[in-house]
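The structure appears below as C-alpha cells.
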Amino acid sequence: MTTTREFFEQRLPQAVQREPQRARELNGVFVIKVSGADGGSWTIDGKSDPPTVATGVSAAADCTVEVAAADFLAMLKDPQLGMQLFFQGRLTVQGNPLLATRLQDLLALAG
C-alpha cells in the first residue's frame, strides 16, 4: 500500500517526469496539505517547465486542498471520492475551485 509521502515524494514526481505534458494540462499550481500520520504539504506546479512536485507550500498556489491522510489514501484507490469528501466537509478547497476538480486527474497521473 502506498503511503501519502511515497505518493508525493516518489510516485507523483516520477509520473510528472515521465509525462510532463499531462502534468501541464492541469494548468495550475496546487498545494496539497495532508493532515495526520504520514501527512505533510506538497506543491505541484503544472505551469513550470518542466512541471514539478516539491515538498512545502508555494505562495503562488492557484488552489489549495486540505484533507486527512486516511481520506487521501482512500482517494488514491477511488479518485471519484474527492467530490463526496468535499460535500461532507472532509476535503476543503481554497483558491480556484474549478482547479480542484482536476485533483482527480492529478491522482490518475500517478495511478
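Residue by residue, here is whether (1) surrounded by 15 or more Cβ atoms within 10 Å (Cβ to Cβ); (2) within 21 Å of residue 95 (Cβ to Cβ) holds:
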| position | (1), (2) |
| --- | --- |
| 14 | no, no |
| 21 | no, no |
| 34 | yes, yes |
| 49 | no, no |
| 52 | yes, yes |
| 55 | no, yes |
Being buried (at least 16 other Cβ atoms within 10 Å of the Cβ), at pLDDT below 95 and in a loop (DSSP other than H, G, I, E, B) is true for just one of 26, 106. Which residue is that?
26
What about residue 44, is it touching a residue at least 12 places away in the same chain (Cβ under 8 Å), crowded, with 18+ Cβ neighbours inside 10 Å, touching an Asp or Glu at 6+ places or on another chain (Cβ under 9 Å) and under 23 Å from residue 96 (Cβ atoms)?
no
Report, ordered by the first and then the second residue, all pairs with beta carbons closer than 9 Å, sequence separation of six or more or different chains, a first member in segment 76-87 that is surrounded by 14 or more Cβ atoms within 10 Å (Cβ to Cβ), and a second member that is of a type in the set (Ser, Thr, Tyr) and part of a helix (DSSP H, G or I).
76/4
Answer yes or no as to whether residue 101 is closer than 20 Å to residue 11 by Cβ and free of Cβ contacts under 8 Å to residues at least 24 places away in the same chain.
no
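Could you list, in sequence order, the residues of segment 31-63 that are among the hydrophobic types (A, V, I, L, M, F, W, C), assigned to a strand (DSSP E or B) and farther than 18 Å from residue 73 by Cβ?
First pass over segment 31-63, keeping only residues among the hydrophobic types (A, V, I, L, M, F, W, C): 31-32, 34, 37, 42, 44, 53-54, 57, 59-61, 63.
Retained after the next criterion (residues that are assigned to a strand (DSSP E or B)): 31-32, 34, 42, 44, 53-54, 63.
31, 54, 63, listed by residue number.
The values are calculated or read from the model by the stated rules, or taken from the named source; none is laboratory data. This is a predicted model, so every value here is computed, not measured. Neighbour counts run over all protein chains shown; Cβ positions are idealised from the backbone, glycine included.
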